[in-house]
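Accompanying notes for the structure given below.
The values are calculated or read from the model by the stated rules, or taken from the named source; none is laboratory data. It should be emphasised that the depicted structure is a prediction, and the values quoted were computed from it without experimental measurement. We place every Cβ from the backbone using ideal geometry, glycine too, and count neighbours over all the protein chains shown. Only protein heavy atoms, including side chains, enter the accessible area calculation; ligands, DNA and RNA are left aside. Shrake-Rupley method; radii C 1.70, N 1.55, O 1.52, S 1.80 Å.
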Amino acid sequence: MKSIDIRSQFLIYTAPKHKKYKDKLLHSIDESPNIAFNDITKTDWTIPPSITREYQMLLRRQILNPMMFEQVEYFKADNFTINTIWFQQYTANSFHKFHTHPNCNYTNVYFLELPNKEDRTQIMVDGKLIEYEAEEGQIVTFPGHVLHAAPKTKSKRKTVISFNTNFLHV
């Protein structure tokens, strides 16, 4: 098989309304059931999608929609879909092993609560960690097939909201 390297996008978006909505989003997440998954302290990943999550509605309206319309323009797409949204909270020494996200163009990680930059998502391409700068209030977007992980958390608590997206070209 012949392989040809192609360029792919890795985007970092700063959510302009992060400070305004951070506490409301965290409060809504704090009200969620305490469900652990593997080595993740708390997540709603396993809760059926039919159950309403207040933080998702606020997140879509105030944070995601402006970002997604900006990305639609960037990718010269006609529209977008958000397949799934879920949160993950990590406490000291919790982590998420390297994995990918199937059935999406891109995966996104919103650093809702990131007291220590060393706790940001690790991204690996061709066996090498990609160096990047991101901080609380930013959303990183990268292809869903790219390996990524949450390293062992050094902070007291880190909260991310992840979501998978597709861009439509009609």
Under 5 Å from the placed amide H of residue 146, counting only residues 5+ away or on other chains, we find 101
Estimated vicinal HN-Hα couplings, Hz - segment 54-67 in sequence order (Karplus 6.51, -1.76, 1.60; Gly, Pro = x):
4, 4, 5, 5, 4, 4, 4, 5, 9, 10, 6, 4, x, 5
R0 = 25 Å: FRET efficiency of residue 128 with residue 166, Cβ-based, nearest 0.05?
0.40
Residue range of the chain that is longest and free of GluC sites (Glu not before Pro) which are both DSSP loop and sparsely packed (at most 10 other C-beta within 10 Å)
32-130
I'd like the carbon and sulfur percentage of the solvent accessible area for the chain, probe radius 1.4 Å, heavy atoms only, ligands and nucleic acids excluded.
52 percent
With only helices counted (DSSP H, runs n ≥ 4, each -39500 (n - 2.57)), the per-residue ellipticity at 222 nm for the chain, to the nearest 500, works out to -5000 deg cm²/dmol
Residues of segment 112-140 with backbone nitrogen within less than 14 Å of a virtual label 7 Å along the Cα-to-Cβ line of residue 9, please, listed as ranges.
140
Judged on accessible area alone, 1.4 Å probe, highest first, 60, 7, 157 line up as 7, 60, 157
Just to be sure I understand the model, the point goes 7 Å from the Cα along the line to the Cβ. What's the resulting residue 39 to residue 100 distance in nm?
2.2 nm
Checking the a/c ratio against 1.5 first, then a/b against b/c, what shape does the Cα gyration tensor give for segment 79-132?
oblate
Extension gain, residue 30 back to residue 75 (0.36 nm per residue minus Cα-Cα distance, nm)
12.7 nm
One quarter of the convex hull surface, Cα atoms only: what value does that give for the chain in nm²?
10.9 nm²
Anisotropy class of segment 1-78 from Cα gyration tensor, a/c 1.5 cut
oblate
How many Å² of accessible area per residue for segment 35-152, probe 1.4 Å?
51 Å²
